[in-house]
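Read through the structure below, which is laid out as structure tokens, and then see the notes.
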Amino acid sequence: MQITTRAVRLVAVAAAGTAVLAGVPAQAATPHDGRTAARAAVDPEPEYRGCSTPESPSGASGGAVIHNWSDPGQTLSVRLDVADIQADGRHARVRFVIEDVNGRRTYGRWRKAVGDGVYKSWWTSATSDRGIFEAGVQAATFKGNRLKTICTDM
């Protein structure tokens, strides 16, 4: 029952947005240091992005809850969520993506969940010296390191 609850919670996050599951690159991402969660706790209106790969319910669902996005120069606090819906020989990955004023996208690193109904969550942050004008998430299924299906919500 816990797996079903987690999957339902993730599907709710995925339904809230329409972005690509993408990750903030290593140079733009900073590890969670306690201050990220503190900023997120006082953010009154987080943004939601999420999607599920086309082969759902046997694929991947991923989402992002974006905090502290009041202007393009802000450092965003982001919670990424991903669920591997079924043990089918594939695994699920999620990543955060940002877009600057010129439409250039920067992708974070993939984070993964492997196994039947496995749900994982991570905190990260994102910033850009060119401003963050769009933010989103990508969810995907992989077989080994080979990308099989992908969805995006920006």
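The values are calculated or read from the model by the stated rules, or taken from the named source; none is laboratory data. Source: prediction; values computed, not measured. Note that each Cβ is placed from the backbone with ideal geometry, even for glycine, and that neighbours are counted across all protein chains shown. What goes into the accessible areas is simple: the full protein's heavy atoms, side chains included, and nothing from ligands, DNA or RNA. Shrake-Rupley method; radii C 1.70, N 1.55, O 1.52, S 1.80 Å.
With the requirement that a residue be open to solvent by less than 40 Å² (accessible area, probe 1.4 Å) and modelled with pLDDT of 95 or more, what does the range 109-118 give you?
Matches in the range 109-118: ARG111 only.
Go through the range 45-93 and count every residue that is hydrophobic (A, V, I, L, M, F, W, C), surrounded by fewer than 23 Cβ atoms within 10 Å (Cβ to Cβ) and in contact with an Asp or Glu (Cβ under 7 Å, 6 or more places away or on another chain).
Total satisfying the criteria: 2.
Consider only pairs whose beta carbons are under 6 Å apart and that are at least six residues apart or on different chains; among these, list those whose first residue lies in the range 67-87 and is on the phi < 0 side of the Ramachandran plot and whose second residue is part of a strand (DSSP E or B) and β-branched (Val, Ile, Thr).
LEU76/ILE66; VAL78/ILE66; VAL78/THR124; ARG79/VAL65; LEU80/VAL94; VAL82/VAL94; ASP84/VAL118
Restricting attention to the range 120-154, and to residues there that are basic (Lys, Arg) and touching a residue at least 24 places away in the same chain (Cβ under 8 Å), which single residue is surrounded by the most Cβ atoms within 10 Å (Cβ to Cβ)?
LYS120
May I ask you to list the residues in the range 109-154 that are within 11 Å of the chain's Cα centre (by Cα) and over 12 Å from GLY62 (Cβ atoms)?
Passing the criteria: ARG109, TRP123, THR124, ALA135, MET154.
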